[in-house]
Amino acid sequence: MGTDNLQGAASGRPGGTAATMPADRFSMRTRRLLWVWGFLAIPILFYAIIRFYPTFQAFYLSMTNWDLVRPAKFVGFANYIKLFKDPQFWKVFRNTFTYLIIGTPLSLVIAFTVAFFLDRVRFMHNFIRALYFLPYLTTAAAMAWVWRWFYQPPPIGVINDVLAIVGIPQQPFIRSTDQALFSVMVTAIWAGLGFQVIIFMAGLRAIPTTFYEAARIDGLGEWAILRKITLPLLKPTTVFLVVFSSIAFLRIFDQVYNMTTNDPGGPLGSTKPLVLMIYQTAFGSYAMGYAAAQTVVLFTILLIVSLLQLWILREKK
Amino acid sequence: MRKSVLLAGLVAGFSTFAFNAAQAVEIEYWQYVFDTRVKAMDQLITDFQTKNPDITVKQVTFPYADYQTRVIAANMSGNGPDVMQLFYGWLDKFAAGGILQPLPADAFPHEKIEKEFFPIVSAMKRDGNYYGLPTAVRSLALFYNKKLFTEAGLDPSKPPQTLDEFVAAAEKIAKHDAAGNVTVAGSTLDMTGQDHQWWREVLVRQFGGEPYTDNDTKVTYNSEAGAQALKFYTSLQTEKKIGAAGFMDEGQAAFRAGKAGMTIDGTFRLGAFSTIKDFEWGVTELPANKDGLRSNYASYFANGIGAKTTGEELEASKKFLTYLTSPEAMAIWLKVVGELPALRSAALTDANLKDPIYGPFLKGLEYAHTTMFKDELGQRQNAIDMTNRVLLEGQSPEDSVKQAAEAEQEMIDAAKP
Amino acid sequence: MTDTPALSHANIRPGRIITWTLLFIGGLIMISPLLFMFSTSLKTADQVYDLRLIPAAPTLANYISVLADGRFMRWFLNSMFVAVTVTISNCFFDSLVGYTLAKFEFRGRYFIFIAILSTLMIPTEMLVIPWYLMSSQLGWLDSYWGIMFPGMMTAFGTFLMKQFFETVPNDFIEAARVDGLNEFQIWWKVAMPLVTPALSALAIFTFLGNWTAFFWPLIVTTSKELYTLPVGLSSFAVEQSIQWEMIMTGAAIATLPTLIVFLVLQRYIVRGVMLAGLKG
């Protein structure tokens, strides 16, 4: 333990307490070191026991056939082989990526458009902002039931009733293999939009007005300003939101679980995301080892997608 | 002086209490939480304890969703129940996990079981041993809305008795809007409810097939009969338009709301439907086919004895289980829970058979079958997917049945220990 | 917050009116699920399928019958207890760790920071099975502690607080040391008051996250008495055999508290979300 490394916040600067009292120096440092590790003791224990140990355990369990009944037996990569051979997994995999690949850009484009224009609106600004932001504060599990009711076939579904009034043919929504996933996706976009709008607005405000003034003096048009100034300067915000909402889409569960309780994962599994498959495998069939393998796959996907996005978005800077 | 007397008295009192406590055997009984079931069991335990003052029964309950996990986890830690309730379909898992012991033949002789209970108890038999016995059983019947019957010009005292009559009645009741959407269903069509049982154990047989053979380990509905049964079922929506899957979200919700003329459901729905105030409803047996063949699906929760129970707890558990499967326990269960007695003698009484509600369910028990599920959720999902492939993706019933049979066979094979 | 950049076309009247109207319509669509939810919760069973937003004969009967059986009240209190406890724990520990990492130099500081940050990469779903195993072995299943333990500290909060503590001038801390305060007092009495905006942002996020949490509480709770509001509502909806007016009432009860809090504290919450979003 090198005590030289121990320095209080200001002790690097001349005139610090430690320097004025050389006799006390050693004990001061030790005492401060004690404080540091005292502060960190419980958190270190927490992260070790509640985060790191379970992480390794998940990897281990994914290589066992643990099913709650019998003691876990090591089976190597059998669970992974089974998973990659399972057509249901590939369906779920495709669903999960559809949520991600369509949901993320779609919600960000809408959020940016709203934020861009809302930023200029002064009349009842807070009120309109609240309209967009409120859904973010709702409970997904509760609102899934409201949406489930909205999507009902005639005669009770709200959206279908509205369509009938307007004279548009009625739609099956969550009762169809083509529309179910998008119906669920809409609810997820709806719930997350408010957050993205607020963050985009914060990002827009962080751009100094001098940039715009300079651009206008140069005679740039509205569109050029957006393309050459606003969007590039908004990059950090965009990167954050892309990563953040991608992760949310990859982990979608609450909406799907609640909107399809009687046929979990929608008709023919058309809305089933990976997390629902994990839930069913682990807590419906009690195939814990197999489910652990699925969680490891989810982890890998999340890791790759996040790193990829950070890399791509950084590259273009 | 007085104090020491008091103390002595206390000590004496305490030791008497301790002595008594040591003498009474305490056994634990586990079941899942369902209001009426817990109440009925409380009543049964009180009755049993008055008859057997040397035995105390402690009832422990868990929510349904968690029940299996609890039993399994408790078995691992060795604090399992002495007597427990289990769904017949869990037997393989529970037996494989070493959770149950075979019922001692001295207290539960086989020939007596086979003579006195309904034949469906055979689902609790493995390798020549019974692992549990039910207090009560549940079967399916056709519920019908008398108000909608009258409005459609049908006689509410003469519900359909055959499949043809069923279809005809449903066609009369069904109403559609201009775009062809169902606004009132003739009958609910909901595979996610009980229809998958109806298809599997009733329709397949009525079209001349057999859903499974070899103790339900071989799927045999991939046949002409299976395809016909599925064609019949899906045509109810596609051709006859008597209803639609997903109508009002769930079949029972549609019936409850008075928007469906008929629905197939089990005894367990009686409680929910008893709160209906807007219309009168009746119950009748599931429709027969042209040749008069009827079938039904019955299921039950059995009571078994924990594998780790020995000694005087085992003796007490045997007594308690004997009581739980006695006619008087069944009478209490029928009254409180509304489930049918598992003993023929207790079930098929004149009063029960004449009962307009219990009668049809009881008649169904005589010819009922049970499916020995290996993976109940998976097999249910498989049947749901089978119909959805026809209804939503336009697959032919033949292909869909074939695909379903293959998938289900795989599931059953995978569950083999 | 009105320093909107004055853009050239912002002065064109018709354009502004159209923009405003479109935004307003979009906003109405956004809150329509909430409006229908509240409206239906005030209707009787036979009016449910009547699309009118303002009920013909509004009634609180659904609320009375939903609240009367006591379960919702219990779930509400459970959620409140869990969310508040976890929020307090996060505000305390995340700040403490963030402060320690920001304001002390010691061997292992960088390692600990990276280690904590790396847990952000691990999705909860991956830990759920080991947590479940751990909980069943330690008897944590179906207990408040079981619901709460995974979220008692978060890397996100720690990172956020560290960022903000770094902006606290060292002179303040040094001055406090000269005054003879011990390190804990310095953190608590000197540094913490300087980061209250960040602290309230962290509190808002943690509370909201735990109030709406569904996946883990669904797994770890098994008895109805311990359900949190989202889990309770979900089981209630299934059990109610799809009576929409009852389900909408339940959903409204689950949603109302956060909406009311927002309407009261709109400015702080929006600012908090911006803060956490930009720095986190």
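The values are calculated or read from the model by the stated rules, or taken from the named source; none is laboratory data. Keep in mind the model is a prediction, meaning the values are calculated, not measured. Quick reminder, even Gly has a Cβ in these numbers, built from the backbone with ideal geometry, and neighbours come from all protein chains shown.
Quick notes on this one:
- Beta carbons closer than 7 Å, at least 6 apart along the sequence or on distinct chains, never pair a first residue in segment B:153-167 that is on the phi > 0 side of the Ramachandran plot and not assigned by TED's automatic domain parsing to the domain that holds B:GLN206 with a second that is loosely packed, with under 15 Cβ neighbours inside 10 Å and in a helix (DSSP H, G or I).
- Considering only residues in segment B:39-98 that are within 14 Å of chain C (Cβ to nearest Cβ) and of a type in the set (Phe, Trp, Tyr), the one that is nearest to the chain's Cα centre (by Cα) turns out to be B:TYR64.
- Near pairs, Cβ below 8 angstrom, 6+ apart or cross-chain, from segment C:98-122 (under 17 Å from A:LEU33 (Cα atoms) and at pLDDT 90 or above) to any residue that is β-branched (Val, Ile, Thr) and assigned to a helix (DSSP H, G or I): C:GLY98/C:THR158; C:THR100/A:VAL36; C:LEU101/C:ILE112; C:LEU101/C:THR158; C:LYS103/C:ILE173; C:PHE104/A:VAL36; C:PHE106/A:VAL36; C:ILE112/A:ILE44
- For segment C:40-57, the set of residues classified as free of Cβ contacts under 8 Å to residues at least 40 places away in the same chain and farther than 16 Å from B:ALA257 by Cβ consists of C:LEU42, C:LEU51, C:ARG52, C:LEU53, C:ILE54, C:PRO55, C:ALA56, C:ALA57, listed by residue number.
- Residue in segment C:141-162 that is more than 27 Å from the chain's Cα centre (by Cα) and not hydroxyl-bearing (Ser, Thr, Tyr) present: no
- Unique match (being at positive phi and either outside any loop (DSSP other than H, G, I, E, B) or assigned by TED's automatic domain parsing to the domain that holds A:ALA140 (or both)) among A:LEU268, A:LEU231, A:LEU241: A:LEU268
- Helices (runs of 4 or more DSSP H) within segment A:1-94 that include 1 or more residues at pLDDT 60 or above and either more than 27 Å from the chain's Cα centre (by Cα) or outside the structural domain of A:ALA287 (by TED's automatic domain parsing) (or both): A:25-46, A:53-61, A:78-85
- If you go through segment C:100-114 and pick out every residue that is more than 8 Å from every other protein chain (Cβ to nearest Cβ) and either part of a helix (DSSP H, G or I) or surrounded by 16 or more Cβ atoms within 10 Å (Cβ to Cβ) (or both), you end up with 7.
- Flag if A:THR104 is at pLDDT 95 or above and under 20 Å from A:GLY284 (Cβ atoms): no
- Some residue of segment C:181-194 being polar (S, T, N, Q) and surrounded by fewer than 24 Cβ atoms within 10 Å (Cβ to Cβ): yes
Condition check ((1) within 20 Å of A:TYR60 (Cα to Cα); (2) at the interface with chain A (Cβ under 8 Å from one of its Cβ atoms)) across all residues:
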| position | (1), (2) |
| --- | --- |
| C:VAL82 | no, no |
| C:ILE88 | no, no |
| C:PHE92 | no, no |
| C:ILE116 | no, yes |
| C:TRP131 | yes, yes |
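- Only a single criterion out of (1) surrounded by fewer than 17 Cβ atoms within 10 Å (Cβ to Cβ); (2) among the aromatic types (Phe, Trp, Tyr); (3) within 14 Å of chain C (Cβ to nearest Cβ) is not satisfied by A:PHE77, namely (3).
- Set A:GLY203, A:GLY192: member being assigned to a helix (DSSP H, G or I), more than 10 Å from chain C (Cβ to nearest Cβ) and not acidic (Asp, Glu): A:GLY192
- Unmet criterion (only one of (1) under 14 Å from C:PRO150 (Cβ atoms); (2) over 23 Å from the mean Cα position of the chain (by Cα)) for C:LYS103: (1)
- For segment B:158-199, a residue qualifies if it is among the small types (Gly, Ala, Ser) and at pLDDT below 95, and the qualifying residues are B:ALA178, B:ALA179, B:GLY180, B:GLY193.
- Top-ranked residue in segment B:386-405 [being farther than 16 Å from A:ASP263 by Cα and among the hydroxyl-bearing types (Ser, Thr, Tyr); ranked as nearest to the other protein chains (Cβ to nearest Cβ)]: B:SER400
- For segment A:120-152, a residue qualifies if it is of a type in the set (S, T, N, Q) and either outside any helix (DSSP H, G or I) or more than 7 Å from every other protein chain (Cβ to nearest Cβ) (or both), and the qualifying residues are A:THR138, A:THR139, A:GLN152.
- Residue within segment A:274-288 that is over 26 Å from C:PHE156 (Cα atoms), in contact (Cβ under 8 Å) with a residue 60 or more places away in the chain, surrounded by 19 or more Cβ atoms within 10 Å (Cβ to Cβ) and small (Gly, Ala, Ser) present: yes
- B:GLY378 satisfies every condition listed in (1) at pLDDT 90 or above; (2) in a helix (DSSP H, G or I); (3) under 28 Å from B:THR267 (Cβ atoms) except (1).
- Selection status of C:PHE214, among the aromatic types (Phe, Trp, Tyr) and either touching a strand residue (DSSP E or B) at 6+ places or on another chain (Cβ under 6 Å) or free of Cβ contacts under 8 Å to residues at least 40 places away in the same chain (or both): yes
- Number of residues in segment B:273-313 that are assigned by TED's automatic domain parsing to the domain that holds B:LEU86 and free of Cβ contacts under 8 Å to residues at least 12 places away in the same chain: the value is 2.
- Annotation note: of A:THR209, A:THR187, A:THR261, the sole residue that is without any contact (Cβ under 8 Å) to a residue 24 or more places away in the chain, surrounded by 18 or more Cβ atoms within 10 Å (Cβ to Cβ) and either at positive phi or at the interface with another protein chain (Cβ under 9 Å from one of its Cβ atoms) (or both) is A:THR261.
- Qualifying residue in segment B:2-23 (condition: modelled with pLDDT of 70 or more and either surrounded by fewer than 19 Cβ atoms within 10 Å (Cβ to Cβ) or within 20 Å of B:GLU339 (Cβ to Cβ) (or both)): no
- Filter result for B:THR69 (modelled with pLDDT under 80, of a type outside the set (A, V, I, L, M, F, W, C) and assigned to a helix (DSSP H, G or I)): yes
- Residue in segment B:216-231 that is within 14 Å of another protein chain (Cβ to nearest Cβ) and either touching a residue at least 24 places away in the same chain (Cβ under 8 Å) or buried (at least 21 other Cβ atoms within 10 Å of the Cβ) (or both) present: no
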